[in-house]
Amino acid sequence: MGSTIMDVAKASGVSASTVSRVLSDHPRISTETRERVLAAVEALGYRPHSAARNLANSSTKTIGLILNAEADQFVRNPFFIGAMSGISQLAQAHDYNVMYAFNPKEKEELETAVRFVSSHAVDGIILFTSRTRDKCIQYLLKQKCPFSVIGRPDNAGNILWVDNDNFQATYQVTDLLLARGHRTIGFIGGPDDLNVSRDRYDGFRRALAVHGLHAAPAHVFCDGGFTEVYGNACMKKMLDNPDPNLPMPTAVVTADDLQAIGALQALRERRRNDVAVVGFNNTELAVYQQPALASIDVNAAQLGYHAARLLINALETSPSTEDHVIVPTNLVERDSLNVPIPAR
């Protein structure tokens with residue numbers, strides 16, 4: 001059985017509370033007492049229990065993650081796994097634990113935030129999304145609870161956040177498709193209350209506008225989830241459009257790889273190989289599709305890493321002038337882009 005704090009107190013001739021203060025680096029402990037206690041700690045090989053040490057420091061050494069997903073979607077969407085791996089890497093390096101909760105709806109996200117804050121279960125929180133007029137962000141700001149966000153907030157002042165330039169990413173891939181001869185391009189987006197969905201759609205729309213084009217309403221979907229089912233349903237609606245005067249899109253840009261995978265499935269079912277499809281997030285699933293899915297790599301692990309870094313820096317050091325990080329993206333070209341170039 002290992003030594004206890006009472007053993008250290010007895011050996012150094014002080015109280016257990018004094019030992020606790022020494023171990024938490026309390027400033028009102030004399031040098032002589034500190035040295036005597038630390039000598040006893042070393043001689044006895046005492047290792048303080050992490051929970052007790054954190055209690056003495058008024059710290060849980062725990063970060064709470066609020067994920068905007070069902071538990072099964074978390075397993076199926078590798079973006080979450082990538083972001084969490086980046087968070088875990090930073091948290092482990094700074095001796096923080098991670099607590100997470102799945103919340104598919106904003107109301108549940110807010111309930112989780114209230115529970116984390118009111119129970120003092122965490123030192124800070126990382127939100128995995130940013131909504132328009134986000135109630136969770138408003139609550140955390142009011143409670144003065146440290147937090148960071150993966151996603152661009154509405155009002156970025158005084159908020160720690162990390163994101164890609166989603167507008168530029170979809171602008172560039174749409175511009176590339178236009179340069180290759182595509183003129184009728186569809187778009188499958190995510191929930192319209194998420195800022196990331198709006199930014200990606202705005203980039204797509206702006207690229208078309210620069211070329212004097214616009215997407216037909218029947219080719220644009222901006223009110224669904226980041227799932228295969230939604231992507232499959234949207235692709236079939238484009239294929240089945242009854243308007244004979246509306247040409248079928250020769251390319252489709254999606255806001256998530258799972259949507260793109262569903263779109264590719266719909267095309268295979270109809271034995272169509274004449275529609276280019278681009279995904280978003282470049283998950284590990286992309287390379288195993290038929291055809292292999294071209295996708296915009298968002299560097300999910302880096303998003304998580306920097307979200308954790310900004311938050312832990314705020315928890316452990318004086319406020320920094322750095323309040324956000326833009327993680328670069330890059331298009332990974334694969335066979336789903338290699339379709340016959342439409343005749344002009």
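The values are calculated or read from the model by the stated rules, or taken from the named source; none is laboratory data. Only a predicted model underlies this, so the values are computations on that prediction, with no experimental measurement involved. Backbone-built Cβ (ideal geometry, glycine too); neighbour counts: all protein chains shown.
Key figures
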| quantity | calculated |
| --- | --- |
| Residue check for A251: over 20 Å from the mean Cα position of the chain (by Cα) and under 30 Å from V327 (Cα atoms) | yes |
| Checklist (1) in the same structural domain as L315 (by TED's automatic domain parsing); (2) within 18 Å of the chain's Cα centre (by Cα) applied to Q143, failing item | (2) |
| Boolean, R334 is at positive phi and of a type in the set (D, E, K, R) | no |
| Pairs with Cβ under 7 Å, 6+ apart, first in the stretch 84-98 and assigned by TED's automatic domain parsing to the domain that holds L315, second hydroxyl-bearing (S, T, Y) and surrounded by fewer than 16 Cβ atoms within 10 Å (Cβ to Cβ) | none |
| Residue pairs meeting the criteria (Cβ under 9 Å; at least 6 apart or on separate chains; first without any contact (Cβ under 8 Å) to a residue 24 or more places away in the chain, in the stretch 291-316; second surrounded by fewer than 19 Cβ atoms within 10 Å (Cβ to Cβ) and of a type in the set (S, T, N, Q)) | N313/S320 |
| Residue match in the stretch 59-74 (condition: among the aliphatic types (A, V, I, L, M), within 31 Å of the chain's Cα centre (by Cα), farther than 23 Å from I150 by Cβ and at pLDDT below 85) | no |
| Every residue from the stretch 291-318 that is modelled with pLDDT under 95 and outside any helix (DSSP H, G or I) | T317, S318 |
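This table checks each residue for (1) assigned to a loop (DSSP other than H, G, I, E, B); (2) hydroxyl-bearing (S, T, Y); (3) over 30 Å from V98 (Cβ atoms); (4) modelled with pLDDT of 85 or more.
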position: A11; (1), (2), (3), (4): no, no, yes, yes
position: R21; (1), (2), (3), (4): no, no, no, no
position: H26; (1), (2), (3), (4): yes, no, no, no
position: V37; (1), (2), (3), (4): no, no, yes, yes
position: Y46; (1), (2), (3), (4): yes, yes, no, no
position: N54; (1), (2), (3), (4): no, no, no, no
